[in-house]
1. Can you pull out the residues in region 237-258 that are part of a loop (DSSP other than H, G, I, E, B) and touching a residue at least 40 places away in the same chain (Cβ under 8 Å)?
2. Residues that are open to solvent by less than 20 Å² (accessible area, probe 1.4 Å), aromatic (Phe, Trp, Tyr) and in contact with a Phe, Trp or Tyr (Cβ under 7 Å, 6 or more places away or on another chain): does region 265-285 have at least one?
3. Of the conditions (1) in contact with a strand residue (DSSP E or B) (Cβ under 9 Å, 6 or more places away or on another chain); (2) under 22 Å from residue 91 (Cβ atoms); (3) not aromatic (Phe, Trp, Tyr), residue 130 satisfies every one except a single condition; which number is it?
4. Please name all residue pairs, on different chains or six or more residues apart, with Cβ atoms under 8 Å, provided the first residue is in region 208-233 and is under 16 Å from residue 271 (Cβ atoms) and the second residue is of a type in the set (Lys, Arg) and part of a strand (DSSP E or B).
5. Working only within region 95-127, note down all residues that are open to solvent by 40 Å² or more (accessible area, probe 1.4 Å) and under 20 Å from the mean Cα position of the chain (by Cα).
6. Go through region 334-343 residue by residue and tally those that are assigned to a loop (DSSP other than H, G, I, E, B) and surrounded by fewer than 23 Cβ atoms within 10 Å (Cβ to Cβ).
7. Looking at 370, 390, 331 in this structure, which one is among the small types (Gly, Ala, Ser), in a strand (DSSP E or B) and touching a residue at least 12 places away in the same chain (Cβ under 8 Å)?
8. Return the total of residues in region 385-396 being open to solvent by less than 10 Å² (accessible area, probe 1.4 Å) and of a type outside the set (Val, Ile, Thr).
Amino acid sequence: MLEYETSGELKTKCIDLLNLSPSTDVNALVEEIQKAEPVITASRSDQVKFLLRRLQDKLRQHSNHQFYLFKVLRAHILPLTNVALNKSGSCFITGSYDRTCKLWDTASGEELHTLEGHRNVVYAIAFNNPYGDKIATASFDKTCKLWSVDTGKCYHTFRGHTAEIVCLSFNPQSTLVATGSMDTTAKLWDIQNGEEVLTLTGHSAEIISLSFNTSGDRIITGSFDHTVAVWEAETGRKVYTLVGHCAEISSASFNWDCSLILTGSMDKTCMLWDAANGKYVATLTGHDDEILDSCFDYTGKLIATASADGTARVFSAATRKCIARLEGHEGEISKISFNPQGNRLLTGSADKTARIWDAQTGQCLQVLEGHTDEIFSCAFNYKGNIIITGSKDNTCRIWR
């Protein structure tokens, strides 16, 4: 983000650095930027080069990091459903079948708060990143609750769904929470006053995946009715429906610049769609069983898929070709995610292990062993140097 002054007025301008890598020639890149951005004068070019080299150092960090087990937390008296980190990685949350959500300090492994009040399984949990001062929990008790990270107090209980809530998401501005339910609807809730803002109706089966785009003006919902819908966040108007999968949807997301949509399905395929008009782009094939999770890397150049066949794959978003196969797990892979640098992948499996992989080659770099039952959830922190794993064995583990 550039800040500059024109006739006394402060202005800002965005520069796209999604192609920056540790091997990029910084001098050549700055010349290119200067051609497109006259506000970067020759006197400022050294400053820009310095900033770009610092960004490159960040991209190099943690690329060869070997993780070790830091703490085992006997987190809950029943299995965990989900784990989530705040943006800085200073704390994380765990949801459980024991009807609670717990907030933990990552550095010490100490429990900070137990969020109690739900009357059934706490299934979906999230921080309002990047702010990280609020937590949302969604439950099989048909409610969603909003909590203070500082005090552990409940601000609001959102009531209105008529069946279990299984997914939730904050908008990027942290003014709304969206919830998706087995009652076939999604609802938007106002964080300030706790009121329902909108109900998104149109699916004919449960909504199991839901997220906002980067700017927060669109919402994507994936359903067991085999379709994905995109909605206007402000009006609740359905923009388009993506029809093409022939089984339940397991995941649906926008890439970072909101040009593409990725959908994963129990029909063993992922599909790519043009986010501007909802038109079908391509089908990613190769798995022998259901797709359980899928994601873009942070630049939107790579796509990762995880399957019940025990393998994961990496595809190029541009060519739609498979560039790596991740083989080694001995059970289905239910979770997959890139580290923020985009060069590593983390998978969690029913074989009780999580694994770290080279995203370009598909080579397994490390096996995180020790859980005594299925791993349901796993996540990198924003720096990519801490991993949290959550398991059916009632524990979560911090790796660093």
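1. Here is the first cut: in region 237-258, the ones part of a loop (DSSP other than H, G, I, E, B) are 237, 243-248, 255-258.
247, 248, 255, 256, 257, 258, listed by residue number.
2. yes
3. Every condition holds for residue 130 apart from (1).
4. Correct list of pairs: 229/238; 230/218; 230/238.
5. Within region 95-127, 123 is the sole residue that qualifies.
6. 4
7. Within the list 370, 390, 331, the selection yields 390.
8. 3
The values are calculated or read from the model by the stated rules, or taken from the named source; none is laboratory data. None of these values were measured; they are calculated from a predicted model. Here the Cβ is made from the backbone with ideal geometry for all residues, glycine too, and neighbour counts use every protein chain on show. Side chains included, ligands, DNA and RNA excluded: accessible areas come from the protein's heavy atoms. Shrake-Rupley method; radii C 1.70, N 1.55, O 1.52, S 1.80 Å.
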